[in-house]
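Working notes, beginning with the structure itself.
Only the coordinates and a few stated rules stand behind these numbers; no lab work does. If you're wondering where the values come from, they're calculated on a predicted model, not measured in any experiment. Cβ atoms come from the backbone with ideal geometry, glycine included; neighbour counts cover every protein chain shown.
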Amino acid sequence: MDNLIPTPVTLTADELKDVIKLVSVRGAEYGAARICRLLASQHSLTAYEISEASDISNVSDMVLRCINPRLKTTDLYVACEKPPHSNDVRWSFYRDWADNDPDWSDLDKRLGAELVQEIAQTQKPEDAKRYVQRIMAMSGLGGSK
């Protein structure tokens, strides 16, 4: 369950170097690079803190248009979160761990095969409907569990 809530990260010098190359498309470091340099060494910064340090007034626009689209080839992205009991969102680098999540494909195949056998053995249409609903619920497509 820990993987469901992303954890802010700081970047290594090599990661920062790669990020700067991606966001500085003309070779010069503009606002996007300044934000990345700042967030590489510190995380959970407010938009005000970023604005003061980087002279960027619209952090979310810069992240949306100039940073994240250029980081698509990496496992990094910049996002904000709103801590409980606060009005300020906090910006950080995050790592997309989806590729490193456990592989459940063998279990999915086994459960799917068992379900197919159960459906094949049923002779009542209402039972088949129930199995289809289970499949849809398991796959996230809806239906009841």
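Odds and ends about this structure:
- Relative packing of peptides 88-95, 110-117 - highest average C-beta neighbours within 10 Å first: 88-95, 110-117
- Principal axis dimensions, largest first and in whole angstrom, of the range 1-97 by Cα: 40, 30, 22
- Computed from the C-beta positions of Lys72 and Ser51 and an R0 of 35 Å, the FRET efficiency is 0.90 to the nearest 0.05.
- With 0.36 nm allotted per residue and the present C-alpha distance subtracted, the His85-Asp61 stretch has 6.2 nm of extension available.
- For Lys109, a cut-off of 19 angstrom between C-alpha atoms picks up these lysines, skipping any fewer than 8 places away in its own chain: Lys145.
- Over 23 Å (Cα to Cα) - which of Lys17/Lys72; Lys21/Lys72; Lys21/Lys82 fall in this group: Lys21/Lys82
- The calculated FRET efficiency for the pair Arg110 and Ala137, based on their C-beta separation and a Förster distance of 25 Å, comes to about 0.90.
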